[in-house]
1. Lys and Arg at +1, Asp and Glu at -1: add these up for the other residues within a Cβ distance under 12 Å of SER87 and post the number.
2. Rounded to whole Å and ordered largest first, report the semi-axes of the equivalent ellipsoid of segment 19-95 derived from its Cα gyration tensor (root of 5λ).
3. Could you list LEU89, LEU44 so that the one with the fewest beta carbons within 10 Å of its beta carbon is first and the one with the most is last?
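Throughout, read-outs are computed from the coordinates displayed, never taken from laboratory work. Since we're looking at a predicted model, the values are computed, not measured. We place every Cβ from the backbone using ideal geometry, glycine too, and count neighbours over all the protein chains shown.
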Amino acid sequence: MRKLIAALLLSLPASAFAATPETAVLDVQNMTCSMCSITIHKALEKVPGVMDAKVDYDHKTATVKYDADKTNPAALVNATTKAGFPSTLHGGAKK
């Protein structure tokens, strides 16, 4: 019976044990054209733990879904800043 339970646990995907994804909204500076959003998106995707990033040129924001066990909002801000687009956490809070 123990072997059966162990086999079942090992067959579960790792995501079954992962933390619930969190979302951060960043206010992004220096976006002057729609091509800027591509650069920001690529910079965010390179951060380990980022699951999804959506950049809104019109509102100058980036909404990032991430694994809190692997990254945090400070790392997301750092990634956009290094790409030439300083950002801050929207409203100073994370969701």
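1. So the surrounding residues net to +1.
2. Taking √(5λ) for each eigenvalue gives 19, 12, 10 Å, largest first.
3. Lowest to highest Cβ neighbour count: LEU89, LEU44.
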